[in-house]
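The next block holds one structure in the form of structure tokens; read it before the comments.
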Amino acid sequence: MGFFTDAYDLFCVSLVTKLLGRIYYHVDGAEKPGSLPPHVSAAVNGVAFVGTLSGQLFFGWLGDKLGRKKVYGMTLMLMVICSIASGLSFGRDPKTVLGTLCFFRFWLGFGIGGDYPLSATIMSEYSSKKTRGAFIAAVFAMQGFGILAGGLFAIIISSMFKARFNAPSYAVDPLGSTVPEADYVWRIIVMFGAIPAALTYYWRMKMPETARYTALVAKNMEKAAADMSKVMNMDIQAEPKKEEGAEVKDRNSYKLFSKEFMSRHGVHLLGTTSTWFLLDIAFYSQNLFQKDIFSAVGWIPAAKTMNALEEVYMIARAQTLIALCSTVPGYWFTVALIDRIGRFTIQLMGFFFMTVFMFALAIPYDHWTLKENRIGFVILYSLTFFFANFGPNATTFVVPAEIFPARFRSTCHGISSAAGKLGAMVGAFGFLYLAQNQDPKKADAGYPAGIG
């Protein structure tokens, strides 16, 4: 449920950025509806990633210091409070509304960041070797349902408001196309993320600390045995503590980033960070800017032919369809097959097919923008998401939770996932500017010309 909430909170903002532009940056007499200025759009899309990156490093380290359970509750409370606060605003003018949104989305991201290393580590330490891959992948697969829930909820809310407050399109009446009540729509969508997080808090507090942490890091065998008895509903006795030989103690006392750590795990860390970094450049830019890609190929009608609520509905509908047909199935293919065909095979295969389908879309791009080829574009585009999730998006999450020793596991997972968020920032900010029209006159207001 934590991961469900993470995905909902991270991606729901892409459903409402166009609406925010219409409400707060309307320009009288402009041919196109208002859009967020470059720095504001970059902040709204990217600030949560900056928070997530910081949270992954901080809570990852804290999880190895204080234990998984203590820190797990903290991250959730932070997510509940900041989800609600993101939808409120201090004042009514654009600066204060979006300033509040960005401030709380940073701290929301900080809480989400903690969920990454801790969820993976806890699941890894609770499961057996035989099913460990599937269990960790199943936690991550809830991301797909989170993205799906965001789209479905936006469809429901925008439909309700559209039925109650109908308005003409922007081309007919620029000012009247955005009803004042539309301001509630984005707030409700953003705040809804607090509900699943709040519901999960009770169960997280009931969960005992993982036995592996208690035994291997906190060195309390009796407590570890008692916790395992509770989880497995059977009586488990702690073995009498044997005095470790000096040689074993010495072998396991190396520090994080020490020479010994680097010789044993340096290559592993390089592998988990670099693959996650490279994947997220593509994965996050595609998720955040789906709406722009769909508008470019004409799958979503031109903004001026719709009113504000209609636009939210169309964007949500397109994103929900992609989530339903490719994102969600991709995750569950991984869950079903990861312990059979292995992490390495899935990761390589996923990267390979993502590359193939992206080239197939990008090289004959003009062919796909023709009206009769739109469906083909959407099918190939869906397949890039399918193979991202039945591929590196899932395996980059699973591997760091398994490959490092217990006392560094949470920290190393935090470092790996933070490298991913660095890639997400490159994707989010880079795409925003590069996707602008090559003709400076046709670029969105305030943006420099891009590469189209």
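The values are calculated or read from the model by the stated rules, or taken from the named source; none is laboratory data. Since the model is a prediction, treat every value here as computed from it, not as a measurement. Positions of Cβ are backbone-derived with ideal geometry, glycine not excepted, and every protein chain shown enters the neighbour counts. The area values use the complete protein model at the heavy-atom level, side chains included, leaving out ligands, DNA and RNA. Shrake-Rupley method; radii C 1.70, N 1.55, O 1.52, S 1.80 Å.
Being crowded, with 24+ Cβ neighbours inside 10 Å and among the hydrophobic types (A, V, I, L, M, F, W, C) is the filter; apply it to region 100-119 and report the residue that is farthest from Thr75 (Cα to Cα).
Result: Leu101.
Per-residue answers, yes or no, for (1) more than 28 Å from Phe59 (Cβ to Cβ); (2) free of Cβ contacts under 8 Å to residues at least 40 places away in the same chain; (3) hydroxyl-bearing (Ser, Thr, Tyr):
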{"residue": "Thr345", "(1), (2), (3)": "yes, yes, yes"}
{"residue": "Gly350", "(1), (2), (3)": "no, no, no"}
{"residue": "Asn373", "(1), (2), (3)": "yes, yes, no"}
{"residue": "Val378", "(1), (2), (3)": "yes, no, no"}
{"residue": "Asn389", "(1), (2), (3)": "no, no, no"}
{"residue": "Pro392", "(1), (2), (3)": "no, no, no"}
{"residue": "Phe397", "(1), (2), (3)": "no, no, no"}
{"residue": "Ser410", "(1), (2), (3)": "no, no, yes"}
{"residue": "Ile415", "(1), (2), (3)": "no, no, no"}
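What residue, of Val335, Val297, is open to solvent by less than 10 Å² (accessible area, probe 1.4 Å) and in contact with a helix residue (DSSP H, G or I) (Cβ under 7 Å, 6 or more places away or on another chain)? Outline the logic, then answer.
On the way: Val335 fails: open to solvent by less than 10 Å² (accessible area, probe 1.4 Å).
Answer to the selection: Val297.
Among the candidates Leu256, Leu269, which residue alone is in contact (Cβ under 8 Å) with a residue 60 or more places away in the chain and in a helix (DSSP H, G or I)?
Criteria check complete, one pass: Leu269.
Is it the case that region 240-249 has a residue that's under 26 Å from the mean Cα position of the chain (by Cα) and either at positive phi or at pLDDT below 75 (or both)?
no
Test Ala428 against the criterion of being over 27 Å from Ser127 (Cα atoms) and touching an Asp or Glu at 6+ places or on another chain (Cβ under 8 Å), and give yes or no. Step through it out loud before you land on a result.
Values: over 27 Å from Ser127 (Cα atoms): yes; touching an Asp or Glu at 6+ places or on another chain (Cβ under 8 Å): no.
No: the conditions fail for Ala428.
For the condition of a type in the set (A, V, I, L, M), crowded, with 20+ Cβ neighbours inside 10 Å and modelled with pLDDT under 85, what is the one hit in Val80, Val50, Val44, Val71?
Numbers: Val80 fails: modelled with pLDDT under 85; Val50 fails: modelled with pLDDT under 85; Val44 fails: modelled with pLDDT under 85.
That would be Val71, the only listed residue that is of a type in the set (A, V, I, L, M), crowded, with 20+ Cβ neighbours inside 10 Å and modelled with pLDDT under 85.
If I go through region 385-407 residue by residue, how many of them are crowded, with 22+ Cβ neighbours inside 10 Å and part of a helix (DSSP H, G or I)?
Of the residues in that region, 15 qualify.
Return a yes/no flag: does region 437-449 have any residue that is assigned to a helix (DSSP H, G or I) and open to solvent by 20 Å² or more (accessible area, probe 1.4 Å).
For region 437-449, residues assigned to a helix (DSSP H, G or I) and open to solvent by 20 Å² or more (accessible area, probe 1.4 Å): absent.
Read through the list (1) without any contact (Cβ under 8 Å) to a residue 24 or more places away in the chain; (2) surrounded by fewer than 18 Cβ atoms within 10 Å (Cβ to Cβ); (3) touching a helix residue (DSSP H, G or I) at 6+ places or on another chain (Cβ under 6 Å); (4) among the hydrophobic types (A, V, I, L, M, F, W, C), then give the number of the only condition that Leu361 fails.
(2)
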